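As structure tokens, the structure follows; a few thoughts come after it.
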Amino acid sequence: MTPVRPPNLSETRFLRALQAFASVVGAANVQSSADRLRDYADPFTPQPMAEHFAASAAVLPQSSDEIREVLAIARAYRLPLWPVSTGRNFAYGGAAPRLSGSVVLDLKRMNRIVEVNETLAYALVEPGVTYFDLHAHLRRHGIPLWIDPAAAGWGSVLGNTLERGFGYTAYGDHAANQCGMEVMLANGELVRTGMGAIEIGRAWQSYKAGFGPSYDAMFMQSNFGIVTKLGLWLMPQPPAYLLAQVKLPRESDLEAAVETLRPLRLNETIRNHAVIEGAIRYAAGVSTRTDWYDGDGPLPESVVGDIVARLGIGRWNVHFAVYGEPDVVEARFASARRAFARVPGASIEAHRYGAGDVPIGGGEGNMAGIPAMSAFRMLDWRGGNGAHVDFSPICPFTGGDAMRQYSVSKARLAEYGFDYYGGFTAGERHLHHIVATIFDRDDPRQVEAAADLQRVLMSDARAEGYGVYRTHLATMDFAASQYDFNDGALLKMSETIKDALDPDGILAPGKSGIWPRAWRAKRGN
Ligand code: ADP
């Protein structure tokens, strides 16, 4: 691959900028060889698109002071920077920048767990801290607090929270359990939000708002600043917990699954981010597609029926957890079991655990605060050089909405030759509907179909009044354009803020469809 250069910068000036970066962070922490830059390409981005999102270099600072100096150089050269924490935002772009030629500002060397407060159950972390790191730290020090891991445990706690990722315990809504940030603005100014603006900040991780306007959410999925520290609430390790699986036999049972789960979530019988997953996704955790079928096109319903029968699973499977004192766990579970038992043909299994126990076989560890990498198993489903791109619409928590989103996306996926590999994760009043398109990166037909399909799925959803909560670099402008109430007033406001905070347009141009004035002509390209 030919090296990519920052737009609007001569080779000489680019090399001079790299030298200036090296004088700040050390030459070893400025990467520009094709070989090293491979780490900054999303391995899941369909190959033909990869050069549209290529980094020209990566700079790895070790402190806020170094970031400030890097920013000064970037402003002087009008050189766009793309901050990442660990850059494992796979399926949405990984570490790759939206604007090709940007320099990735890789913060993985800033990896201190600044504080864990056992009494108030919170942590304050830097960008490079992964779910594995934080989990290991708590266990090593015998601190009885749980993290809420994202699906892949190697990712950054801070990066995932900024993307509004989610997990599977009662603290599954990462953005909602965030409290207090330290952010460096494009001009090099360091801001602490909420109670952190008090110099010694004793309640920084205890109370979100502080005094006056509250800004934390503004730095999520945006390009308004570089987050250098982030507070998050941790879940006290429960004295006991129970993991349950409900198997529902029919395709149409999705509706009953959702209608049964909602009241249990709203009245807090079930407090975790329960998951409703289709049979194919379940099967992909324990088998590959060719074990069942080797024809073209989506799996026929009869084959899905075989999978359900032979694996002894449901057409839909609800996984949920109950946490608390053993008698509380039993009472809550009894109530949930009664509710699900009303669905004809439902069967329910449960496993009980004591404080600190690890779930049998390691499965469902995510619901017990244990990070893992098993999510990657899905990549073997189609064989070849497996990758996935996700369509992630928000679904109101009703059976009717879930059925509508499921039926429409399943039909579209089939039209493009893909299986419905999806599931719903339960918030309180919404479901995250995650539909992965799994494709073989070495098969150009699959790659092209997977890429085209994303826009079609998003358009279908938009026509019904739904929008995505997160999307790949390739569809960020498209997603932003769908949030178009009153002639796109929301995006206009975001760009007004962007221009005020970052007049030189150096921070993550194009992130979430927000383009600074200097780069606005790049929108849609
Ligand atoms: P993870 O490795 O957990 O998936 P990433 O490091 O890839 O997370 O971050 C996800 C996205 O969040 C990045 O693409 C970037 O847009 C944004 N981001 C990550 N870290 C920061 C940060 N420290 N400041 C501002 N934005 C960030």
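The values are calculated or read from the model by the stated rules, or taken from the named source; none is laboratory data. Quick caveat, the model's predicted, so the values are computed rather than measured. Virtual Cβ from ideal backbone geometry, glycine too; neighbours counted across all protein chains shown.
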Checklist outcome for this item: Expected single match for crowded, with 18+ Cβ neighbours inside 10 Å and within 20 Å of ASN187 (Cα to Cα) among TYR77, TYR40 is TYR77
Next on the checklist: Give all pairs with beta carbons closer than 9 Å in which a residue from segment 216-242 that is within 24 Å of PRO97 (Cβ to Cβ) and more than 16 Å from the ligand (Cβ to nearest atom) meets a residue that is among the small types (Gly, Ala, Ser) and assigned to a strand (DSSP E or B); count only pairs at least 6 apart in sequence or on separate chains.
Outcome noted: none
Checklist entry - Restricting the search to segment 405-440, which residues are buried (at least 21 other Cβ atoms within 10 Å of the Cβ) and either charged (D, E, K, R) or in a helix (DSSP H, G or I) (or both)? => result GLN405, TYR406, SER409, LEU413, ASP419
Checklist entry - Is one or more of the residues making up segment 168-178 within 15 Å of the ligand (Cβ to nearest atom), of a type in the set (A, V, I, L, M, F, W, C), in contact with a Phe, Trp or Tyr (Cβ under 8 Å, 6 or more places away or on another chain) and touching a residue at least 24 places away in the same chain (Cβ under 8 Å)? => result no
Checklist entry - Any residue in segment 455-463 that is on the phi > 0 side of the Ramachandran plot and not acidic (Asp, Glu)? => result no
Next on the checklist: So GLU51 ticks every box in (1) of a type in the set (D, E, K, R); (2) over 30 Å from ARG140 (Cβ atoms); (3) within 12 Å of the ligand (Cβ to nearest atom) but one. Which box is left unticked?
Outcome noted: (3)
Checklist entry - Which of the following residues is within 12 Å of the ligand (Cβ to nearest atom), among the aliphatic types (A, V, I, L, M) and either modelled with pLDDT of 95 or more or farther than 20 Å from MET476 by Cα (or both): ILE67, ILE113? => result ILE67
Checklist outcome for this item: How many residues of segment 114-132 are of a type in the set (Val, Ile, Thr) and over 23 Å from TRP82 (Cα atoms)? The answer is 3
Checklist entry - Would a scan of segment 142-156 turn up a residue that is touching a strand residue (DSSP E or B) at 6+ places or on another chain (Cβ under 7 Å), away from the ligand (no atom under 11 Å from the Cβ) and over 17 Å from ASN117 (Cα atoms)? => result no
Next on the checklist: Taking the conditions exactly as written (more than 15 Å from GLU428 (Cα to Cα) and within 9 Å of the ligand (Cβ to nearest atom)), does GLY188 satisfy them or not?
Outcome noted: no
Checklist outcome for this item: Per the filter on segment 76-99, residues more than 8 Å from the ligand (Cβ to nearest atom), farther than 24 Å from SER23 by Cβ and in contact with a strand residue (DSSP E or B) (Cβ under 6 Å, 6 or more places away or on another chain) are ALA91
Checklist outcome for this item: Checking GLY510, GLY505 in turn, the sole residue that is farther than 30 Å from ALA414 by Cβ, within 15 Å of the ligand (Cβ to nearest atom) and at pLDDT 95 or above turns out to be GLY510
Checklist entry - If you scan segment 204-225, which residues turn out to be in a loop (DSSP other than H, G, I, E, B), out of contact with any Gly (no Cβ under 8 Å at 6 or more places or on another chain) and of a type in the set (A, V, I, L, M, F, W, C)? => result PHE211, MET220, PHE224
Checklist entry - Hey, SER102 hits all of (1) closer than 30 Å to ALA521 by Cα; (2) touching a helix residue (DSSP H, G or I) at 6+ places or on another chain (Cβ under 8 Å); (3) within 12 Å of the ligand (Cβ to nearest atom); (4) among the polar types (S, T, N, Q) but one; which does it fall short on? => result (2)
Checklist entry - Quick check: is even one residue across segment 492-501 within 24 Å of HIS52 (Cα to Cα), touching a helix residue (DSSP H, G or I) at 6+ places or on another chain (Cβ under 7 Å), modelled with pLDDT of 95 or more and buried (at least 19 other Cβ atoms within 10 Å of the Cβ)? => result no
Next on the checklist: Of everything in segment 70-97, what is modelled with pLDDT under 95 and on the phi > 0 side of the Ramachandran plot? Give them in sequence order.
Outcome noted: GLY87, ALA91, GLY93, GLY94
Checklist entry - Got a number for residues in segment 350-388 being of a type in the set (A, V, I, L, M) and under 23 Å from ASP42 (Cβ atoms)? => result 6
Checklist outcome for this item: Only one of LEU138, LEU120, LEU107 is crowded, with 17+ Cβ neighbours inside 10 Å, more than 16 Å from the ligand (Cβ to nearest atom) and of a type outside the set (Val, Ile, Thr), namely LEU138
Checklist entry - Among helices (runs of 4 or more DSSP H) lying entirely in segment 253-335, which contain 1 or more residues that are surrounded by fewer than 16 Cβ atoms within 10 Å (Cβ to Cβ) and at negative phi? => result 253-266, 301-311
Next on the checklist: Among the numbered criteria (1) within 16 Å of the ligand (Cβ to nearest atom); (2) of a type in the set (Val, Ile, Thr); (3) over 22 Å from the mean Cα position of the chain (by Cα), which one does ILE73 miss?
Outcome noted: (1)
